[in-house]
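Student: Input: one structure, supplied below.
Bear in mind that the values in this text are calculations on the coordinates, not laboratory data. Worth saying up front: this structure is predicted, and the values here are computed from it rather than measured. When we count neighbours, we look across all protein chains shown, and the Cβ atoms used for this are built from the backbone with ideal geometry, even at glycine.
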There are 2 protein chains.
Amino acid sequence: MTTIKDVAQEAGVSVATVSRLLNDTGVVHPETAARVTAAIQKLSYEPNLLARNFRRSESRVILILCPNITNPYYVHILAGIGDVFNELGYSAVIFNTSDAPEREREALEMLKRHRADGVILMANTLSSQEFKEYADQFPLVQCSEYDPNLQLARVSIDNYLATQEAIEYLVSLGHRRIATISSENNYLSTHLRKQAYLDTLQRYNISLSDEYIKHASYDYSFKSGKMKAKELLTTDPMPTAIFCISDTLALGAVIAAQELGYRVPEDVTVIGFDDVEHTTMFHPFITTVAQPCYELGRHSAELLFTQISHASDYTREVVLPHQLIIRESSAPPLILD
Amino acid sequence: MTTIKDVAQEAGVSVATVSRLLNDTGVVHPETAARVTAAIQKLSYEPNLLARNFRRSESRVILILCPNITNPYYVHILAGIGDVFNELGYSAVIFNTSDAPEREREALEMLKRHRADGVILMANTLSSQEFKEYADQFPLVQCSEYDPNLQLARVSIDNYLATQEAIEYLVSLGHRRIATISSENNYLSTHLRKQAYLDTLQRYNISLSDEYIKHASYDYSFKSGKMKAKELLTTDPMPTAIFCISDTLALGAVIAAQELGYRVPEDVTVIGFDDVEHTTMFHPFITTVAQPCYELGRHSAELLFTQISHASDYTREVVLPHQLIIRESSAPPLILD
DNA sequence: CTGTTAGCGCGTTCAA
DNA sequence: TTGAACGCGCTAACAG
């Protein structure tokens with residue numbers, strides 16, 4: 001293994017000079033620089049990052065805590081984060097937490113051992129108190145979900161507003177019997193979307209029925225969406241529109257309707273959330289609230305990097321724009337009450 | 001920051017003793033051990049991995065080169081690799097290569113700088129010669145795709161045999177006009193599957209038509225599958241079966257058929273490859289050749305770890321079993337020639 | 001503009 | 001069974 005010492009010897013200079021050239025810190029005479037560069041070439045020297053990172057006391061690794069890599073929603077966020085940090089010379093380690101506090105804790109503990117310089121969390125299952133202890137010690141950014149009790153860095157869309165717009169759209173179409181498929185998970189986005197659904201209906205004096213509110217599996221599985229939709233579609237009176245808090249759920253609802261002999265959107269309108277690829281695979285293409293996933297990732301990464309760089313002051317809240325994308329699965333109800 | 005020195009001082013022993021206890025190397029008197037453990041607790045000491053890794057000259061990081069994280073096929077492989085290495089205390093860094101040689105080279109160069117201890121590649125775009133130079137220097141495993149010119153560690157299924165069985169199944173159903181949607185990429189699996197398709201038809205004396213062989217996009221996009229299927233379905237005579245080398249392609253083919261007013265499997269049989277989740281989302285559920293993705297990942301990880309551990313001798317080739325899963329998209333042709 | 005030198009925190013001889 | 005001491009490769013004072 002060739003070290004900086006070998007290069008120095010070969011070039012007839014001191015290690016300090018080589019280091020200066022390598023890191024572009026301090027001035028070095030052009031002629032000397034040339035000799036050093038030649039030596040580096042000749043010995044095909046590569047700096048040992050293990051030593052450098054140790055010396056600098058930084059790992060150049062960042063951690064990403066993700067509840068479930070399998071979920072296509074997260075994939076583009078991961079891509080966004082990865083692109084930013086790769087450019088910066090950092091490695092991103094993805095940790096699958098499965099929403100288990102132990103797993104999350106285990107990952108976070110790595111920060112204490114200098115295994116990573118910072119962390120981006122897609123979801124948090126720890127108590128606000130425990131979570132805060134980590135956030136106080138290490139650079140940390142919450143992406144897409146966040147703890148509302150804490151004033152920590154976060155990047156997300158405005159879930160409440162986005163849902164409100166979606167429901168208003170349904171109302172403007174003439175729908176009055178509007179159901180929702182929420183989730184049994186505890187995410188803030190889930191609560192916000194449900195609350196916006198309730199509030200908006202109330203604002204329009206539309207009566208709510210508990211039977212119109214279903215909760216699919218915590219991970220928004222297609223199967224559970226299909227099952228809950230079937231429950232909804234066999235309710236009397238049947239809803240004319242179903243607002244699903246994820247596209248996978250919406251896909252399940254569309255299939256459920258078809259299996260029961262209903263047409264989408266003629267007999268029932270279905271709208272989703274996120275705008276993952278599947279929404280435009282089959283007809284009817286699904287009307288949905290799009291999230292800027294890749295940008296969510298990029299912004300989170302940039303926010304984390306400014307924290308890592310010890311920027312004294314950094315943005316705490318980044319809210320990115322959502323967009324209601326009207327496609328084929330929504331239409332006015334055939335029968336108006 | 002509390003170091004091993006602080007612990008030693010607190011416990012009234014030398015750093016060597018603390019280190020011995022920490023790493024379970026050498027014997028330490030129970031009473032001393034207790035004192036040290038107490039000191040560690042009291043100071044809530046955490047070993048600095050930066051220093052440890054530097055000293056041991058290992059990064060405890062492994063690299064995964066993946067052409068495209070977005071592809072659901074890779075996700076379970078990644079999960080398998082991640083599970084194995086997490087248990088071993090390693091971090092896995094996923095690198096998206098987009099099948100670009102520069103990106104791949106860039107990632108591989110990180111090994112020279114001790115940024116990672118080994119690498120698993122899902123695909124390789126470098127020349128055999130250049131690739132070999134890396135493989136000779138560093139622990140390396142090829143997962144799912146591999147360079148047939150080199151005798152390097154690899155884990156995959158038998159693509160040729162799997163395809164042969166799929167085609168034989170179609171023949172046994174009575175199909176004679178069998179088309180294929182391959183890909184324009186250069187993967188070994190693509191070649192193998194196409195060759196097996198050709199060879200098997202020839203073995204059954206079934207005439208081949210160039211018009212029955214289509215090449216979808218390099219990344220098996222749904223859209224390109226749909227487009228190529230439409231070309232196939234407007235060919236005269238129309239094929240009665242389409243063998244697709246990926247499930248996404250098969251999904252595209254099913255939709256294409258439906259859009260053209262054909263029923264699957266009555267009018268045309270479609271079979272896919274990989275067995276990703278989507279195959280059982282919509283009816284008809286898709287007949288496909290299943291790959292044990294998670295296990296592919298696990299085996300690759302284990303193989304890499306034995307290499308990293310300097311095991312003098314390790315397995316070079318691991319071939320995992322595939323399985324033809326017959327579902328709803330395949331049936332005998334209505335009209336026999 | 002360049003060289004000398006002191007550690008960073010840890011694991012590991014070697015001697016006791 | 002334990003401790004003293006060295007050095008891994010690098011960066012950054014500091015002196016010149």
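Student: Find the Cα radius of gyration of region B:48-88, compare it with 2.2 N^0.38 Å by division, and give the number to two decimals. Before the final figure, lay out the partial values.
Tutor: Details: Rg = 13.7 Å, N = 41, 2.2 N^0.38 = 9.0 Å.
The reported ratio for this selection is 1.52.
Student: Compute the normalised compactness of region B:120-167: alpha-carbon radius of gyration over 2.2 N^0.38 Å, N being the residue count.
Tutor: Working: Rg = 12.3 Å, N = 48, 2.2 N^0.38 = 9.6 Å.
This ratio for region B:120-167 stands at 1.29.
Student: Averaged over B:46-58, how many beta carbons belonging to a partner chain fall within 10 Å of each residue's beta carbon? Display every interim value, and only then the final one.
Tutor: Numbers: counts 7, 3, 6, 9, 13, 6, 4, 8, 8, 3, 1, 4, 1.
Mean number of neighbouring Cβ atoms from other chains: 6.
Student: I've got another one for you. Looking at the P(r) of the protein assembly as shown, how many percent of alpha-carbon pairs lie beyond 39 Å? Display every interim value, and only then the final one.
Tutor: Details: 99020 of 226801 pairs.
Tail of P(r) above 39 Å: 44 percent of Cα pairs.
Student: As I understand it, the dipole of region A:38-108 uses +1 on the Cβ of Lys and Arg and -1 on the Cβ of Asp and Glu, about the Cα centre. Which of A:50, A:63, A:108 lies farthest toward its positive end?
Tutor: Final value for the positive-end residue is A:50.
Student: Using modelled backbone amide H atoms (1.01 Å from N, in-plane), which distant-in-sequence or interchain residues come within less than 5 Å of residue A:318's amide H?
Tutor: HN-HN under 5 Å from residue A:318: A:154, A:155, A:156.
Student: On to the next question. Can you list the residues of region A:278-312 with backbone N under 16 Å from a point 7 Å past the Cα of residue A:324, pointing along Cα to Cβ?
Tutor: Flagged as within label range: A:286-291.
Student: Another question about this same structure. What ³J(HN,Hα) values, in whole Hz, does the Karplus curve 6.51 cos²θ - 1.76 cosθ + 1.60 give for region A:84-93 when θ = phi - 60°, with x put for Gly and Pro?
Tutor: 5, 6, 5, 4, 8, x, 9, 9, 10, 9
Student: Something else: Would you mind checking the pairs A:5/B:112; B:194/B:228; B:112/B:132; A:223/B:230; A:132/B:5; A:42/B:112 and listing those with alpha carbons more than 21 angstrom apart?
Tutor: On the way: A:5/B:112 17 Å; B:194/B:228 16 Å; B:112/B:132 14 Å; A:223/B:230 30 Å; A:132/B:5 29 Å; A:42/B:112 16 Å.
In this structure, A:223/B:230; A:132/B:5 exceed 21 Å between Cα atoms.
Student: Output needed: percent of Cα pairs per 10 Å distance bin for region B:104-201, bins running from 0 to the one holding the longest distance.
Tutor: 14, 38, 24, 15, 7, 1
Student: Hey, another quick one. How far, in nm to one decimal, is residue A:57 from itself in the other copies if the label point is set 7 angstrom along Cα toward Cβ? Shortest first, please.
Tutor: Label-point distances to the other copies, shortest first: 2.7 nm.
Student: Ratio of Rg to Rh for region A:162-248, alpha carbon only, Kirkwood? Let's see the in-between values first.
Tutor: Numbers: Rg = 12.0 Å, Rh = 12.9 Å.
Taking Rh as the inverse mean 1/r over Cα pairs, Rg/Rh reads 0.94.
Student: Also, I was wondering about something else. From the phi angles alone, apply the Karplus equation (6.51, -1.76, 1.60; θ = phi - 60°) to region A:165-179 and give each ³J(HN,Hα) in whole Hz, x where the residue is Gly or Pro.
Tutor: 5, 5, 5, 4, 4, 4, 5, 5, 6, x, 6, 10, 9, 10, 9
Student: Rounding to the nearest 10 and keeping the result within 0 to 90°, find how far the Cα-based axis of helix A:222-233 lies from the longest principal axis of chain A.
Tutor: 20 degrees
Student: Could you work out the pair-distance distribution P(r) of region A:1-124 from its alpha-carbon pairs, with 5 angstrom bin width and percents rounded to whole numbers?
Tutor: Here the calculated profile for region A:1-124 is 2, 10, 16, 15, 12, 11, 9, 8, 8, 6, 3, 0.
Student: Now for a separate question. Quick one: grab Rg to one decimal and Dmax as a whole number for chain B, Cα atoms only, in Å.
Tutor: Values for chain B (Cα only, Rg and Dmax): 26.0, 91 Å.
Student: Further, regarding this structure: Which distances, shortest first and in nm, link residue A:259 to the matching position in the other copies, using label points set 7 Å out along Cα to C-beta?
Tutor: 2.6
Student: Looking at the calculated P(r) for region B:4-47, what percent of the C-alpha pair distances fall above 16 Å?
Tutor: Working: 179 of 946 pairs.
Looking at region B:4-47, the distances longer than 16 Å represent 19 percent of pairs.
Student: Of A:95, A:73, A:16, whose Cα points farthest to the positive end of the dipole of region A:1-102 (charges on the beta-carbon: +1 Lys, Arg; -1 Asp, Glu; origin at the Cα centre)?
Tutor: Among A:95, A:73, A:16, the one farthest towards the positive end of the dipole of region A:1-102 is A:16.
Student: I've got another one for you. What do you get for GluC sites (Glu not before Pro) in region B:141-195 restricted to DSSP loop and a cutoff of at most 16 other Cβ within 10 Å of the site's Cβ?
Tutor: Values: sites: B:145, B:165, B:168, B:184; in loops: B:145, B:184.
Listed in order of number, the matching sites are B:184.
Student: Based on the mean of other beta carbon atoms within 10 Å per residue, what is the order of A:7-14, B:152-159, most packed first? Before the final figure, lay out each step's value.
Tutor: Values: A:7-14: 17.9, B:152-159: 22.4.
Result, highest mean first: B:152-159, A:7-14.
Student: While we're here: Step by step: find N for region A:198-302, compute 2.2 N^0.38 Å, then divide the Cα radius of gyration by it. What's the final number? Intermediate results must be reported in sequence, preceding the final value.
Tutor: Values: Rg = 14.8 Å, N = 105, 2.2 N^0.38 = 12.9 Å.
Relative to the rule-of-thumb radius for its length, region A:198-302 sits at 1.15.
Student: At residue B:98, with labels set 7 Å past Cα in the Cβ direction, how many nm apart are the copies from this one, shortest first?
Tutor: Taking the point 7 Å beyond Cα along Cα→Cβ, the inter-copy spacings are 3.4 nm.
Student: Please list 3J(HN,Hα) in residue order for region A:137-150, calculated via the Karplus relation 6.51 cos²θ - 1.76 cosθ + 1.60 where θ = phi - 60°; whole Hz, with x for glycine and proline.
Tutor: Ordered by residue, 3J(HN,Hα) equals 8, 9, x, 8, 9, 9, 10, 6, 10, 7, 8, x, 7, 10 Hz.
Student: Then there's this: Check the axis relating chain B to chain A and name the residue of B whose C-beta is nearest, distance in whole Å.
Tutor: Nearest to the symmetry axis by Cβ: B:54, 2.
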